[in-house]
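First the structure, in the form of C-alpha coordinates, and then the observations on it.
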Amino acid sequence: MTDQTKNRPASGSAIACTVEQTLLGEGVRWDTRRDELLRVDILAGHVHRDRVGVDGRLAPVRVYTLPGTVGAIAPIEGDEGWLLAADRGFVHLSPDGSTHTLTEVAPRGTRMNDGACDPHGRFWAGTMANDHRDGGGALYRLDRFGQTELVLGDLTISNGLGWSPDGQTMYLVDSGPRVVYAFVFDPGRGTIAGSRALVTIPEEDGAPDGMTVDATGDIWVAIYGGGRVHRYSPDGSLLQVIRVPAAQTTCCGFGGPGLRRLYITTATENWSEEERRAEPAAGVVYSCDTNTVGLPATPFRPDPSWWQKVRDGVP
(Lines give C-alpha, C1' and ligand atoms only; values in the text may rest on other atoms or scores of the structure.)
Protein backbone atom coordinates (compact mmCIF):
# COMPACT_ATOMS: atom_id res chain seq x y z
CA MET A 1 0.00 0.00 0.00
CA THR A 2 1.30 3.46 -0.91
CA ASP A 3 1.28 6.21 1.69
CA GLN A 4 -1.34 8.76 0.61
CA THR A 5 0.25 11.84 2.17
CA LYS A 6 -2.35 14.28 0.83
CA ASN A 7 -5.06 12.73 3.02
CA ARG A 8 -3.21 12.39 6.31
CA PRO A 9 -5.09 12.29 9.60
CA ALA A 10 -4.69 15.21 12.00
CA SER A 11 -1.19 15.51 13.43
CA GLY A 12 0.05 15.24 16.98
CA SER A 13 3.29 16.81 18.16
CA ALA A 14 6.35 15.75 20.13
CA ILE A 15 8.31 17.67 22.77
CA ALA A 16 12.01 17.49 23.58
CA CYS A 17 13.01 15.43 26.62
CA THR A 18 16.82 15.67 26.35
CA VAL A 19 19.20 18.49 25.46
CA GLU A 20 22.34 16.78 24.15
CA GLN A 21 22.62 16.34 20.38
CA THR A 22 23.39 12.92 18.96
CA LEU A 23 25.02 12.24 15.61
CA LEU A 24 22.67 9.37 14.75
CA GLY A 25 20.30 8.53 17.59
CA GLU A 26 18.52 5.19 17.20
CA GLY A 27 17.47 1.93 18.85
CA VAL A 28 14.82 3.02 21.39
CA ARG A 29 13.94 0.06 23.67
CA TRP A 30 12.32 -0.24 27.11
CA ASP A 31 14.27 -2.52 29.49
CA THR A 32 11.83 -3.86 32.10
CA ARG A 33 14.64 -5.32 34.23
CA ARG A 34 15.64 -1.85 35.44
CA ASP A 35 12.77 0.31 34.13
CA GLU A 36 15.19 2.11 31.85
CA LEU A 37 15.00 3.48 28.34
CA LEU A 38 17.80 2.20 26.14
CA ARG A 39 19.02 3.96 23.01
CA VAL A 40 22.17 4.27 20.92
CA ASP A 41 24.08 6.86 18.94
CA ILE A 42 25.25 4.75 16.02
CA LEU A 43 28.08 6.88 14.66
CA ALA A 44 29.41 7.98 18.04
CA GLY A 45 29.41 4.37 19.31
CA HIS A 46 27.37 5.35 22.37
CA VAL A 47 24.89 3.26 24.36
CA HIS A 48 22.58 5.32 26.58
CA ARG A 49 20.70 4.14 29.67
CA ASP A 50 18.08 6.62 30.89
CA ARG A 51 15.47 6.83 33.61
CA VAL A 52 12.11 8.42 32.85
CA GLY A 53 11.00 11.31 35.07
CA VAL A 54 7.45 12.09 36.10
CA ASP A 55 7.28 14.71 33.34
CA GLY A 56 8.64 12.24 30.76
CA ARG A 57 12.09 13.80 30.56
CA LEU A 58 15.07 11.46 30.43
CA ALA A 59 17.70 11.42 33.18
CA PRO A 60 20.99 9.75 32.22
CA VAL A 61 22.01 6.65 34.17
CA ARG A 62 25.15 5.84 32.19
CA VAL A 63 26.62 6.24 28.72
CA TYR A 64 28.92 3.53 27.35
CA THR A 65 31.35 4.26 24.51
CA LEU A 66 32.36 1.51 22.09
CA PRO A 67 35.35 1.75 19.75
CA GLY A 68 33.18 1.42 16.60
CA THR A 69 29.57 1.89 15.62
CA VAL A 70 26.60 0.43 17.49
CA GLY A 71 23.30 -0.06 15.69
CA ALA A 72 20.93 -1.79 18.12
CA ILE A 73 20.57 -3.07 21.66
CA ALA A 74 18.51 -5.75 23.44
CA PRO A 75 18.30 -6.88 27.07
CA ILE A 76 19.40 -10.45 27.80
CA GLU A 77 17.34 -12.92 29.81
CA GLY A 78 19.35 -14.33 32.71
CA ASP A 79 22.13 -11.75 32.29
CA GLU A 80 22.62 -8.25 33.67
CA GLY A 81 24.08 -6.99 30.39
CA TRP A 82 22.90 -6.33 26.85
CA LEU A 83 23.31 -7.74 23.38
CA LEU A 84 24.43 -5.27 20.73
CA ALA A 85 24.50 -5.21 16.96
CA ALA A 86 27.78 -3.34 16.81
CA ASP A 87 30.44 -2.64 14.21
CA ARG A 88 30.28 -5.79 12.02
CA GLY A 89 28.80 -8.32 14.41
CA PHE A 90 27.12 -9.22 17.68
CA VAL A 91 28.63 -7.98 20.95
CA HIS A 92 27.90 -8.58 24.64
CA LEU A 93 28.00 -5.44 26.79
CA SER A 94 28.38 -5.85 30.56
CA PRO A 95 27.10 -3.28 33.08
CA ASP A 96 30.70 -2.35 33.92
CA GLY A 97 31.26 -1.36 30.28
CA SER A 98 33.36 -4.33 29.21
CA THR A 99 32.52 -5.89 25.85
CA HIS A 100 32.94 -9.29 24.25
CA THR A 101 32.44 -9.90 20.53
CA LEU A 102 30.38 -13.05 20.00
CA THR A 103 30.75 -13.20 16.22
CA GLU A 104 31.27 -11.05 13.15
CA VAL A 105 28.90 -11.49 10.23
CA ALA A 106 28.99 -8.34 8.11
CA PRO A 107 31.61 -8.15 5.32
CA ARG A 108 34.17 -5.37 5.24
CA GLY A 109 32.76 -2.11 4.01
CA THR A 110 29.46 -2.69 5.79
CA ARG A 111 28.20 -2.26 9.35
CA MET A 112 25.44 -3.46 11.64
CA ASN A 113 22.33 -1.31 11.74
CA ASP A 114 18.94 -1.71 13.45
CA GLY A 115 17.84 -4.92 15.17
CA ALA A 116 15.37 -6.49 17.59
CA CYS A 117 14.43 -9.82 19.15
CA ASP A 118 11.56 -11.95 17.88
CA PRO A 119 8.93 -13.38 20.28
CA HIS A 120 11.09 -16.45 20.98
CA GLY A 121 14.17 -14.40 21.85
CA ARG A 122 16.24 -14.71 18.69
CA PHE A 123 18.11 -11.51 17.78
CA TRP A 124 17.65 -10.20 14.24
CA ALA A 125 19.84 -7.39 12.94
CA GLY A 126 20.36 -5.77 9.57
CA THR A 127 23.36 -4.28 7.87
CA MET A 128 24.15 -1.58 5.35
CA ALA A 129 27.12 -0.61 3.22
CA ASN A 130 29.19 2.29 4.47
CA ASP A 131 28.62 4.01 1.13
CA HIS A 132 24.85 3.25 1.25
CA ARG A 133 25.02 1.43 -2.08
CA ASP A 134 21.97 -0.42 -3.37
CA GLY A 135 22.00 -4.10 -2.46
CA GLY A 136 24.82 -3.66 0.05
CA GLY A 137 22.69 -4.58 3.09
CA ALA A 138 21.47 -7.84 4.56
CA LEU A 139 19.48 -9.28 7.46
CA TYR A 140 21.00 -11.76 9.93
CA ARG A 141 19.60 -13.84 12.75
CA LEU A 142 21.45 -14.89 15.91
CA ASP A 143 19.68 -17.87 17.45
CA ARG A 144 19.50 -19.00 21.08
CA PHE A 145 22.44 -21.40 20.65
CA GLY A 146 24.84 -18.85 19.16
CA GLN A 147 24.41 -19.80 15.51
CA THR A 148 24.04 -17.04 12.93
CA GLU A 149 22.28 -17.18 9.60
CA LEU A 150 22.03 -14.83 6.64
CA VAL A 151 18.26 -14.57 6.19
CA LEU A 152 17.95 -11.90 3.48
CA GLY A 153 20.44 -10.35 1.11
CA ASP A 154 20.22 -7.63 -1.53
CA LEU A 155 18.81 -5.06 0.88
CA THR A 156 20.04 -1.48 0.87
CA ILE A 157 19.60 -0.06 4.38
CA SER A 158 18.12 -2.84 6.53
CA ASN A 159 16.40 -0.90 9.25
CA GLY A 160 13.46 -1.14 11.70
CA LEU A 161 12.14 -4.54 12.75
CA GLY A 162 9.00 -5.58 14.60
CA TRP A 163 6.49 -8.38 15.10
CA SER A 164 2.72 -8.44 15.36
CA PRO A 165 1.41 -9.24 18.87
CA ASP A 166 0.31 -12.71 17.74
CA GLY A 167 3.80 -13.41 16.39
CA GLN A 168 2.54 -14.32 12.93
CA THR A 169 3.88 -11.30 11.01
CA MET A 170 7.35 -9.76 10.88
CA TYR A 171 7.87 -6.20 9.66
CA LEU A 172 11.12 -5.00 8.13
CA VAL A 173 12.05 -1.54 6.87
CA ASP A 174 14.43 -1.09 3.95
CA SER A 175 15.14 2.62 3.92
CA GLY A 176 16.78 2.54 0.48
CA PRO A 177 13.62 1.80 -1.54
CA ARG A 178 11.57 3.47 1.28
CA VAL A 179 9.47 0.36 1.95
CA VAL A 180 8.01 -1.30 5.04
CA TYR A 181 7.76 -5.02 4.24
CA ALA A 182 5.52 -7.58 5.92
CA PHE A 183 6.47 -11.27 6.06
CA VAL A 184 4.67 -14.37 7.23
CA PHE A 185 6.61 -15.38 10.33
CA ASP A 186 6.95 -18.89 11.73
CA PRO A 187 7.57 -18.36 15.48
CA GLY A 188 8.71 -21.91 16.17
CA ARG A 189 11.26 -22.12 13.36
CA GLY A 190 12.16 -18.44 13.22
CA THR A 191 11.71 -18.25 9.46
CA ILE A 192 10.02 -15.77 7.13
CA ALA A 193 8.11 -16.13 3.86
CA GLY A 194 5.71 -14.26 1.62
CA SER A 195 7.28 -10.81 1.42
CA ARG A 196 4.92 -7.98 0.52
CA ALA A 197 5.28 -4.20 0.51
CA LEU A 198 2.96 -2.93 3.23
CA VAL A 199 3.84 0.77 2.94
CA THR A 200 5.92 2.77 0.47
CA ILE A 201 6.91 6.33 1.37
CA PRO A 202 7.09 8.83 -1.53
CA GLU A 203 10.64 10.08 -2.07
CA GLU A 204 9.70 13.70 -1.43
CA ASP A 205 8.39 12.79 2.05
CA GLY A 206 11.52 11.03 3.35
CA ALA A 207 12.29 7.40 4.13
CA PRO A 208 11.02 4.93 6.74
CA ASP A 209 13.58 4.27 9.46
CA GLY A 210 13.25 2.71 12.93
CA MET A 211 9.89 1.36 14.06
CA THR A 212 7.91 -0.30 16.83
CA VAL A 213 4.65 -2.23 17.16
CA ASP A 214 2.17 -1.47 19.94
CA ALA A 215 0.01 -3.89 21.94
CA THR A 216 -2.91 -3.52 19.52
CA GLY A 217 -0.75 -4.33 16.50
CA ASP A 218 -0.42 -0.82 15.08
CA ILE A 219 2.93 0.00 13.48
CA TRP A 220 4.79 3.21 14.36
CA VAL A 221 7.48 4.26 11.87
CA ALA A 222 9.96 7.15 12.10
CA ILE A 223 10.23 9.02 8.79
CA TYR A 224 13.85 10.10 8.21
CA GLY A 225 14.01 13.40 6.38
CA GLY A 226 10.34 14.02 7.08
CA GLY A 227 10.36 15.18 10.69
CA ARG A 228 7.54 12.91 11.81
CA VAL A 229 6.37 9.50 12.96
CA HIS A 230 3.59 7.64 11.14
CA ARG A 231 1.19 5.24 12.83
CA TYR A 232 -0.20 2.52 10.54
CA SER A 233 -2.81 -0.16 11.00
CA PRO A 234 -1.74 -3.75 10.23
CA ASP A 235 -3.23 -3.37 6.74
CA GLY A 236 -1.01 -0.35 6.03
CA SER A 237 -3.61 2.39 6.49
CA LEU A 238 -2.21 5.64 7.85
CA LEU A 239 -3.87 6.37 11.21
CA GLN A 240 -1.86 9.18 12.78
CA VAL A 241 1.03 11.55 12.14
CA ILE A 242 3.21 12.90 14.94
CA ARG A 243 5.22 15.99 14.03
CA VAL A 244 8.81 16.17 15.26
CA PRO A 245 10.86 19.43 15.20
CA ALA A 246 13.84 17.64 13.63
CA ALA A 247 13.91 16.45 10.03
CA GLN A 248 16.20 13.48 10.68
CA THR A 249 13.66 11.45 12.68
CA THR A 250 15.24 8.04 13.15
CA CYS A 251 13.47 5.67 15.56
CA CYS A 252 10.60 5.38 18.02
CA GLY A 253 9.67 3.15 20.94
CA PHE A 254 7.38 3.16 23.96
CA GLY A 255 8.67 3.72 27.48
CA GLY A 256 7.87 4.95 30.95
CA PRO A 257 5.11 3.90 33.36
CA GLY A 258 2.33 2.10 31.54
CA LEU A 259 4.28 2.25 28.24
CA ARG A 260 1.97 4.96 26.91
CA ARG A 261 4.61 7.51 26.00
CA LEU A 262 6.36 7.29 22.64
CA TYR A 263 10.05 8.24 22.61
CA ILE A 264 11.56 9.40 19.34
CA THR A 265 15.25 9.71 18.45
CA THR A 266 16.64 12.14 15.90
CA ALA A 267 20.00 12.84 14.29
CA THR A 268 22.42 15.43 13.00
CA GLU A 269 24.08 13.05 10.57
CA ASN A 270 26.72 14.71 8.36
CA TRP A 271 26.11 18.11 9.96
CA SER A 272 28.83 20.60 10.78
CA GLU A 273 29.21 21.99 14.29
CA GLU A 274 27.87 25.30 12.99
CA GLU A 275 24.74 23.57 11.69
CA ARG A 276 24.20 21.81 15.01
CA ARG A 277 24.44 25.08 16.93
CA ALA A 278 22.03 26.71 14.50
CA GLU A 279 19.49 23.87 14.91
CA PRO A 280 19.48 22.98 18.62
CA ALA A 281 16.21 21.03 18.21
CA ALA A 282 17.94 18.47 16.01
CA GLY A 283 19.59 15.34 17.37
CA VAL A 284 17.73 15.30 20.71
CA VAL A 285 15.15 12.78 21.96
CA TYR A 286 11.46 13.69 21.82
CA SER A 287 8.39 12.20 23.48
CA CYS A 288 4.68 12.18 22.84
CA ASP A 289 1.80 10.87 24.94
CA THR A 290 -0.41 8.39 23.09
CA ASN A 291 -3.78 6.71 23.45
CA THR A 292 -2.31 3.24 23.17
CA VAL A 293 0.01 0.92 25.10
CA GLY A 294 3.40 -0.09 23.79
CA LEU A 295 5.41 -3.23 24.28
CA PRO A 296 8.74 -3.54 26.12
CA ALA A 297 11.83 -4.88 24.42
CA THR A 298 11.74 -8.63 23.97
CA PRO A 299 14.98 -9.90 25.52
CA PHE A 300 17.52 -12.12 23.83
CA ARG A 301 16.99 -15.57 25.35
CA PRO A 302 20.22 -17.55 24.98
CA ASP A 303 20.43 -21.24 25.70
CA PRO A 304 21.88 -21.40 29.24
CA SER A 305 24.57 -23.96 28.42
CA TRP A 306 25.90 -21.94 25.46
CA TRP A 307 25.65 -18.66 27.37
CA GLN A 308 27.65 -20.06 30.26
CA LYS A 309 30.45 -20.80 27.81
CA VAL A 310 30.26 -17.20 26.59
CA ARG A 311 30.57 -15.96 30.15
CA ASP A 312 33.50 -18.31 30.77
CA GLY A 313 35.23 -17.13 27.61
CA VAL A 314 35.10 -20.56 25.97
CA PRO A 315 35.31 -20.27 22.14
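Annotations for the structure displayed:
- Calculated from backbone phi, Karplus (6.51, -1.76, 1.60) coupling profile of region 23-34 in Hz, x at Gly/Pro: 6, 8, x, 6, x, 5, 9, 9, 9, 6, 4, 10
- Placing Arg111, Arg277, Arg88, Arg311 in order of accessible area, with the largest value first and a 1.4 Å probe, yields Arg277, Arg311, Arg88, Arg111.
- Percent accessible area from carbon and sulfur atoms, region 70-157, protein chains only, probe 1.4 Å: 41 percent
- Cα principal axis extents for region 202-284, largest first, Å: 43, 34, 16
- Region 104-127 and region 225-250 have Cα centres lying 24 Å from one another.
- Under a 5 Å amide H cut-off, with hydrogens placed 1.01 Å from N, Ala14 pairs with Arg243 among residues at least 5 apart or on other chains.
- Heavy-atom accessible surface of region 163-211: percent carbon and sulfur, 1.4 Å: 47 percent
- Fraction of the pair-distance distribution of region 12-54 above 15 Å, Cα-Cα pairs, percent: 49 percent
- Distance cut-off 20 Å, percentage of C-alpha pairs in region 125-187 lying past it: 28 percent
- Percentage relative contact order, the chain, counting C-alpha pairs under 8 Å, at least six apart: 20 percent
- Ratio Rg/Rh, restricted to region 42-150 and using Cα atoms, in which Rh is the Kirkwood radius: 0.99
- Diffusion of region 27-95 by Stokes-Einstein, at 10 °C in a medium of 1.306 mPa s and with Rh set to the Kirkwood radius over alpha-carbon pairs, works out to 131 µm²/s.
- Averaging 1/r over every pair of different alpha carbons in the chain and inverting the result gives a Kirkwood radius of 19.1 Å.
- Within-13-Å neighbourhood charge of Thr250 [Cβ basis; K, R +1; D, E -1]: -3
- Accessible surface computed residue by residue for the chain, with neighbouring protein chains in place and a 1.4 Å probe, gives 40 Å² per residue.
The values are calculated or read from the model by the stated rules, or taken from the named source; none is laboratory data. Since the model is a prediction, treat every value here as computed from it, not as a measurement. Heads up, the Cβs are rebuilt from the backbone with ideal geometry, glycines too, and the neighbour counts pull from every protein chain shown. In case anyone asks, the SASA skips ligands and DNA or RNA and just uses the protein heavy atoms, side chains included. Shrake-Rupley method; radii C 1.70, N 1.55, O 1.52, S 1.80 Å.
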